[in-house]
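J.: Once you've had a glance at the structure underneath, I'll fire off some questions.
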Amino acid sequence: MQARTPMKPPIAVFDLDGTLVHTAPDLVGSLNRALIAHKFEPVAYPVLAPFAGTGGRGMLSQYCLLHDVKLPESRIAALIETFLADYESNIPGSSTIYEGAFELVKSLRLAGFKTAICTNKPQNLANKLLDQLELIRHFDAVCGADYFNFRKPDPKHLTGTIEVAGGDPNRAIMFGDSQTDFDTANAAGIPVIGVTFGYSPIPVETFKLTKRIAHYSEIDVETVSTITAG
């Protein structure tokens with residue numbers, strides 16, 4: 001009699017910036033220091049904070065739109081290089097895990113879930129941030145922007161992360177804060193929890209979501225288990 005293949009465990013996948021960790025002050029601060037270094041005026045934090053999840057290029061594009069600035073690719077590349085160097089040298093800065101997030105991750109793991117990070121943050125920066133915050137050991141996989149040859153909103157970034165972590169794609173859930181996350185999960189056919197405290201310039205209420213939360217206390221293991229069980 002042929003032995004049955006062991007069932008893979010359920011998995012919860014988290015976006016990083018704006019979903020698991022509040023990083024906007026450090027990201028905006030690094031971009032402003034890069035702007036100053038390249039003889040541009042800095043911008044107020046509230047202006048760019050909603051775009052922090054788009055990374056340096058996304059924030060810089062928004063800056064250029066707001067200030068009607070057109071830059072050649074060479075200057076953009078130089079600005080981004082300065083931004084990345086500044087950001088990396090200051091990790092973890094003031095970045096902190098959102099209240100209740102760590103407790104949920106620990107509870108999920110105790111309940112038999114795999115946990116993973118699927119982020120468009122560069123791999124080295126994601127690893128360093130999670131390591132500095134003493135979080136990395138609580139995740140079975142961390143797949144950044146350059147882990148694969150594709151990235152969110154390509155659904156293969158999410159399904160690939162699930163595979164690397166050893167989770168069951170048919171019993172998976174994603175937590176995210178932006179249209180990129182929601183589009184990725186929906187394209188992969190995976191339930192998605194939208195957090196309303198992240199970095200979306202578009203109200204989270206406008207997106208197709210399995211559930212919305214304004215705090216991690218609004219979701220528990222039992223609810224996640226019910227959602228992933230279908």
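The values are calculated or read from the model by the stated rules, or taken from the named source; none is laboratory data. Owing to the predicted nature of the structure, the values given are computational and were not obtained by experimental measurement. Counting neighbours? That spans all protein chains shown, and the Cβs are built from the backbone with ideal geometry, glycine included. Side chains included, ligands, DNA and RNA excluded: accessible areas come from the protein's heavy atoms. Shrake-Rupley method; radii C 1.70, N 1.55, O 1.52, S 1.80 Å.
J.: Taking the residues in region 47-79 that are farther than 21 Å from His22 by Cβ and among the basic types (Lys, Arg) as candidates, determine which candidate is surrounded by the fewest Cβ atoms within 10 Å (Cβ to Cβ).
T.: That would be Lys70.
J.: Scan region 212-230 for residues that are touching a strand residue (DSSP E or B) at 6+ places or on another chain (Cβ under 7 Å) and among the hydrophobic types (A, V, I, L, M, F, W, C) and jot them down.
T.: Residues of region 212-230 touching a strand residue (DSSP E or B) at 6+ places or on another chain (Cβ under 7 Å): 212-213, 219, 224, 227-228.
Result: Ile213, Ile219, Val224, Ile227.
J.: Quick test for you: out of Pro153, Pro201, pick the one residue that is closer than 30 Å to Val47 by Cβ, within 17 Å of the chain's Cα centre (by Cα), open to solvent by 30 Å² or more (accessible area, probe 1.4 Å) and modelled with pLDDT under 95. If you could, list the steps in order and put the result at the bottom.
T.: Numbers: Pro153 fails: modelled with pLDDT under 95.
That would be Pro201, the only listed residue that is closer than 30 Å to Val47 by Cβ, within 17 Å of the chain's Cα centre (by Cα), open to solvent by 30 Å² or more (accessible area, probe 1.4 Å) and modelled with pLDDT under 95.
J.: List every residue pair whose Cβ atoms sit under 6 Å apart, with the two residues 6 or more apart in sequence or on different chains, where the first one lies in region 117-138 and is farther than 15 Å from Tyr87 by Cβ and the second, anywhere, is of a type in the set (A, V, I, L, M).
T.: Listed pairs, sorted by first residue: Ile117/Leu16; Ile117/Val142; Cys118/Val13; Cys118/Leu158; Ile136/Leu130; His138/Val105.
J.: Follow-up question, since we're still on this one. Show me the strands (runs of 3 or more DSSP E) entirely contained within region 142-230 in which 3 or more residues are closer than 17 Å to Cys118 by Cβ and touching a residue at least 40 places away in the same chain (Cβ under 8 Å).
T.: Strands (runs of 3 or more DSSP E) meeting the threshold: 172-176.
J.: Restricting to region 82-96, count the residues that are open to solvent by 50 Å² or more (accessible area, probe 1.4 Å) and in a helix (DSSP H, G or I).
T.: 5
J.: Restricting to region 23-58, count the residues that are at positive phi and part of a helix (DSSP H, G or I).
T.: First, the residues of region 23-58 that are at positive phi: 39, 55.
Subsequent filtering for residues that are part of a helix (DSSP H, G or I) retains 55.
Residues that pass the stated criteria total 1.
J.: Moving on. Output the number of the condition that Pro191 fails; it satisfies all remaining conditions of (1) open to solvent by 20 Å² or more (accessible area, probe 1.4 Å); (2) in contact with a Ser or Thr (Cβ under 6 Å, 6 or more places away or on another chain); (3) farther than 25 Å from Met7 by Cβ.
T.: Status for Pro191: all satisfied but (3).
J.: A further question follows. Within region 115-144, can you find the residues that are in contact with a Leu (Cβ under 9 Å, 6 or more places away or on another chain) and more than 15 Å from Leu20 (Cβ to Cβ)?
T.: Pro122
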